[in-house]
Amino acid sequence: MSQSNFNDMVVSWMGTIPTGWELRRLKTLISEPITDGPHETPEFLSEGIPFLSVDGIQEGELVFDGCRFISQAAHNEYQKKCLPRLDDLLLGKAASTGKIARVKVDFEFSIWSPLALIRPKQSEIISDFLEYSLKDFTTQAQIDCLCTANTQKNISMQEIPLLILSVPSKHDQRRISTYLDDQTAKIDRLIEMRRRQMELLKEQRAALILQAVTRGLNSDVPMKDSGISWLGEIPSHWSMTTLGRLATLLQTGPFGSQLHSHEYIEDGIPIINPSHMGEGLILHDPKCTVDEETASRLSRHFLQLGDIVFARRGEIGRCAQVHKDEVGWLCGTGSMLMRPDSRVLEPAFLVTLFQLKNLKESLTLQSVGSTMDNLNTGILAGIKLPLPPREEQSDILRFIQSKSSKTDDLISAYSRQQSLLTEYRAALIHECVTGQREVKLT
């Protein structure tokens with residue numbers, strides 16, 4: 001995109017600005033050239049000087065919990081080029097481009113090369129207003145337009161100063177920043193309230209599922225010890241079994257030598273890898289498919305109705321049930337296929353069992369692998385499970401569905417409210433930093 005086209009596009013986004021406001025490039029609002037952290041990888045320590053990369057910006061704030069540390073000597077060397085200080089702005093310029101956070105701490109730390117440091121010229125713009133302006137979606141859209149993408153998105157150090165902002169007088173900047181601080185704090189409290197309400201509902205749903213699939217629906221039945229510490233007692237007429245005894249087939253997906261990523265096409269026969277499973281369901285990715293010839297070669301990995309696909313890498317215990325529309329798809333290289341014995345097991349009951357946190361933790365402890373959890377058929381087959389009679393499994397599933405649907409409706413309602421509040425917050429910031437809303441302080 002040419003510079004003139006970029007300028008015209010930004011002006012159209014901004015619309016008409018109030019009299020007395022100016023459209024200014026970022027380079028005219030900074031006291032020093034924009035810089036970044038070292039492009040080398042330092043030696044990381046268990047303690048020392050905090051060292052932040054772009055992942056240190058979370059929800060618009062700097063987060064030091066769990067950060068990396070470097071030595072004082074390395075920090076002394078890096079600060080010659082870049083030393084963040086109070087009220088500087090940090091911008092993600094690689095991978096997570098556009099992340100913005102203002103420095104609100106007065107202790108020393110260093111930053112890595114994916115972060116750019118912007119030091120506002122206080123005689124022209126106050127840090128609070130610049131932070132809101134950089135977070136505004138018109139500025140974020142500019143950053144996105146100026147990015148290049150090879151293996152990941154990047155905005156160059158030469159492009160960042162070209163960002164265009166609408167700038168009022170410093171008096172109005174302070175008024176707007178004070179107003180936004182107050183209003184966004186109120187909105188953030190409402191968003192956090194909705195988040196806590198959703199988490200509480202999810203915890204209640206998890207407790208209901210745990211009770212139903214490990215204790216049954218009748219609280220008066222006699223109980224017996226399951227022999228499993230995390231499980232405790234189960235109804236006396238239930239049995240304890242292993243997953244292997246519930247399967248007519250248990251096998252891993254094709255090895256990497258049998259299926260290469262370069263064989264993937266778009267809109268072919270889907271391959272189900274761990275990333276394609278969520279909340280017991282298969283999530284289709286049209287880019288992760290193969291042609292009919294490749295599928296025919298891998299025919300032993302075709303999925304049938306009622307099959308269960310397990311993740312054998314990454315999040316151990318993640319699984320999904322195969323429904324009618326997914327019949328004929330393929331189990332992927334990072335997955336395992338189980339074909340339940342329908343005479344004794346309702347597939348959905350097993351999937352529900354694997355939503356239990358304690359079961360996932362038990363399975364993870366038994367998994368093998370040095371760089372990531374890795375599940376094999378032997379470990380999966382040996383996992384011990386409670387098994388109600390087949391008819392009771394169906395009763396339990398109907399009960400969970402009935403109770404969970406009400407909870408899910410509430411969670412969806414709170415999620416929509418949270419989204420609307422987030423959208424309102426973004427719109428409010430945009431209207432204020434572009435002069436579309438008259439700000440009056442009470």
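The values are calculated or read from the model by the stated rules, or taken from the named source; none is laboratory data. Everything numeric in this text was worked out from a predicted model, so none of it was measured. Every residue, glycine among them, receives a Cβ derived from its backbone with ideal geometry; neighbour counts consider all protein chains shown.
Key figures for this structure:
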item: Residue check for GLU361: under 30 Å from LYS186 (Cβ atoms) and either at pLDDT 90 or above or surrounded by fewer than 17 Cβ atoms within 10 Å (Cβ to Cβ) (or both); result: no
item: Test result for GLY334, out of contact with any Ser or Thr (no Cβ under 6 Å at 6 or more places or on another chain), at pLDDT below 90 and not hydrophobic (A, V, I, L, M, F, W, C); result: yes
item: Number of the condition not met by ILE111 [criteria: (1) in contact (Cβ under 8 Å) with a residue 40 or more places away in the chain; (2) closer than 30 Å to CYS145 by Cβ; (3) touching a helix residue (DSSP H, G or I) at 6+ places or on another chain (Cβ under 7 Å); (4) not polar (S, T, N, Q)]; result: (3)
item: Residue in region 304-313 that is over 29 Å from the mean Cα position of the chain (by Cα) and either within 16 Å of THR252 (Cα to Cα) or not assigned by TED's automatic domain parsing to the domain that holds LEU243 (or both) present; result: yes
item: Set GLN158, GLN142: member being at pLDDT below 95 and either surrounded by 14 or more Cβ atoms within 10 Å (Cβ to Cβ) or assigned to a helix (DSSP H, G or I) (or both); result: GLN142
item: Selected residue [in contact with a helix residue (DSSP H, G or I) (Cβ under 7 Å, 6 or more places away or on another chain), of a type in the set (S, T, N, Q) and outside any helix (DSSP H, G or I)] from SER166, SER177; result: SER166
item: Tabulated pairs, region 373-392, first free of Cβ contacts under 8 Å to residues at least 60 places away in the same chain, second assigned to a strand (DSSP E or B), C-beta under 8 angstrom, 6+ apart or interchain; result: ILE379/VAL368
item: Any hit, region 397-405, residues being surrounded by 19 or more Cβ atoms within 10 Å (Cβ to Cβ), among the aromatic types (Phe, Trp, Tyr) and part of a helix (DSSP H, G or I); result: no
item: All positions within region 102-127 that are outside any loop (DSSP other than H, G, I, E, B), of a type in the set (S, T, N, Q) and in contact with an Asp or Glu (Cβ under 8 Å, 6 or more places away or on another chain); result: SER127
item: Single residue of region 174-203 satisfying the filter (over 27 Å from ASP36 (Cα atoms) and of a type in the set (S, T, N, Q)) that is nearest to the chain's Cα centre (by Cα); result: GLN197
item: Any hit, region 368-378, residues being under 19 Å from GLY227 (Cβ atoms) and at pLDDT below 85; result: no
item: Any hit, region 322-332, residues being assigned by TED's automatic domain parsing to the domain that holds ALA247, assigned to a helix (DSSP H, G or I) and free of Cβ contacts under 8 Å to residues at least 12 places away in the same chain; result: yes
item: Residue count for region 246-273, restricted to those that are assigned to a loop (DSSP other than H, G, I, E, B) and within 30 Å of the chain's Cα centre (by Cα); result: 11
item: Close pairs from region 119-138: first outside the structural domain of GLY92 (by TED's automatic domain parsing), partner hydroxyl-bearing (Ser, Thr, Tyr) and crowded, with 21+ Cβ neighbours inside 10 Å, Cβ under 8 Å, at least 6 apart; result: none
item: Test result for GLN321, within 30 Å of the chain's Cα centre (by Cα), closer than 22 Å to SER394 by Cα and polar (S, T, N, Q); result: yes
item: Only one of SER299, SER275 that is under 16 Å from LEU337 (Cβ atoms), small (Gly, Ala, Ser) and out of contact with any strand residue (DSSP E or B) (no Cβ under 7 Å at 6 or more places or on another chain); result: SER299
